[in-house]
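Participant: Structure incoming, see below.
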């Protein structure tokens, strides 16, 4: 009877320890994923958003001096994926214990995806404009569409640039809280 009691006790302890190890492994996985997302957002902001903003600012400055007042931005389609970490860890996002943080991460990446869609559409429309050699009503309408898209792109860049640091601060605060 005593031997049976110790066998049951040993099984309970082993189950508890195994559960603890599983939870710790999941915590480390989420922690590592969030650290990688933080880095991915930094790279995206520095290598893409900041460069796009600078390009737009440079063109605006040239236009403000009276040169090339109209005309499309020099943007080509982009197939580069700046969101590899996010996309490869999408299932793990649901395991983040903070609902607000999950929502912030999904929103920032959704906004980035929308920006890429705008940029690729802008590039296709710009290519279509280049095919129209003669000034026509269709060409003027396309110019107007490109100018409207350009304003949306600039606004989206500005919004995402503003939001990235806030998301990163929230990620870092979450990581600090969970590391204790």
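None of the figures in this text is laboratory data; all of them are computed from the coordinates on show. Because the structure is predicted, anything quoted here is derived from the model rather than measured. Counting neighbours? That spans all protein chains shown, and the Cβs are built from the backbone with ideal geometry, glycine included.
Participant: With angles folded into 0 to 90 degrees, how steeply does helix 2-44 sit against the dominant principal axis of the chain? Use alpha carbons for both and round to 10.
Facilitator: Relative to the chain, helix 2-44 is tipped by roughly 10 degrees.
Participant: May I pose another question? Per-residue ellipticity at 222 nm for the chain, helices alone: DSSP H runs ≥ 4 residues times -39500 (n - 2.57), over residue total, nearest 500 deg cm²/dmol?
Facilitator: After summing the helix terms and dividing by the residues of the chain, the value is -28000 deg cm²/dmol.
Participant: Classify segment 2-179 as rounded, prolate or oblate from the Cα gyration tensor: take a ≥ b ≥ c as the square roots of its eigenvalues, call it rounded if a/c is under 1.5, otherwise prolate when a/b beats b/c and oblate if not.
Facilitator: Prolate is the answer for segment 2-179, as a/c is 1.5 or above and a/b outweighs b/c.
Participant: Also, I was wondering about something else. Using alpha-carbon positions, what is the distance between the centroids of segment 78-101 and segment 149-180, in Å?
Facilitator: Comparing the Cα centres of segment 78-101 and segment 149-180, I get a distance of 14 Å.
Participant: For a quick check: sort 23, 83, 31 by the number of other beta carbons within 10 angstrom, fewest at the front.
Facilitator: Going from least to most buried by this count: 23, 31, 83.
Participant: Please arrange 16, 44 by how many other C-beta atoms lie within 10 Å of their C-beta, fewest to most.
Facilitator: 16, 44
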